[in-house]
Each structure stands twice: as structure tokens, then as C-alpha cells.
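Have a look at the structure below before the remarks.
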Amino acid sequence: MPDINRWFDFSQHQLRFLAVLGATAVVLGGYLFLRAYTTPAPDPVSLPIVLADADSRYTGSFVLDPNTAPADSLELLPGVGRVLADRIVAYRQHHVFASEIDITEVKGIGPRLYEKLRPYLRVNQP
């Protein structure tokens, strides 16, 4: 600390105050850093989403039935683009999704993508 007096003319009392202030800043910064990484993140707020096409309207917290959802709604799913949404629609013209896992029968949807899609899929039983 005495080297700081080459540029500034601090008294011993002022140097002690600066040392305490610096130590407090380091301790407080460490506490905030640890608190940010040890406190669990709050659950995200589930907002209602309205999806619609010409024939029907879907409401809810973004859960789709792959048997009835239009292609543009399927594109909103994570990892699903226009091509994959069209494949799902083409597949369901000849097959029925009896459960959510059946979507893995569509070319391009493997186990990893299914794990991303699973929270957003619900097959409604007739």
C-alpha cells in the first residue's frame, strides 16, 4: 500500500479505509457470484399460446397433438423446421400416432430430438 502514495498523497487513515473498502468489495462480489450459481433458477412462467388455422383453433400452454396440429404449428416445436413438419403431416395421413413416442417413426426424428419435443406433445385419445 505505501507504493500508492507515489501518485496520491493519502494518510494512513485513508489507506486503511481504502483497504477495508477493497476487501468489502471482494467479499461482496464473491458472495454474489456464489449466490448466482448456487440458487436454483425460478421456474419459467407458462404463458398461454394461441395457434390457429382456417379450420380450428388451439389454445393452451403450447402442447400439440401430432395427429391434428397443422404444419405451421409443428414448426414452432424445437428442432422442427418446414421439412420435418411436412414429414409429420405426410406420415399421419397413413398412420395414427397412438402415443408421443410414435413420432420417432418419422424420418429425421431420433431419440435426442424426441427428448426435446416430448414436453410439447400430447396425443389425445379418441
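Quick look at the values:
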item	result
Spatial separation of Cα centroids for region 65-100 and region 101-123, in angstrom	10 Å
Length gained when the stretch Ala98-Asp65 is fully extended (0.36 nm per residue, less Cα-Cα span)	10.8 nm
Amide hydrogen neighbours beyond the local backbone of Leu64, cut-off 5 Å, H modeled	Leu121, Arg122
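Quick note: the coordinates plus some simple rules give every number you see, no bench work behind them. Here the structure is a predicted model, which means the values were calculated and not measured.
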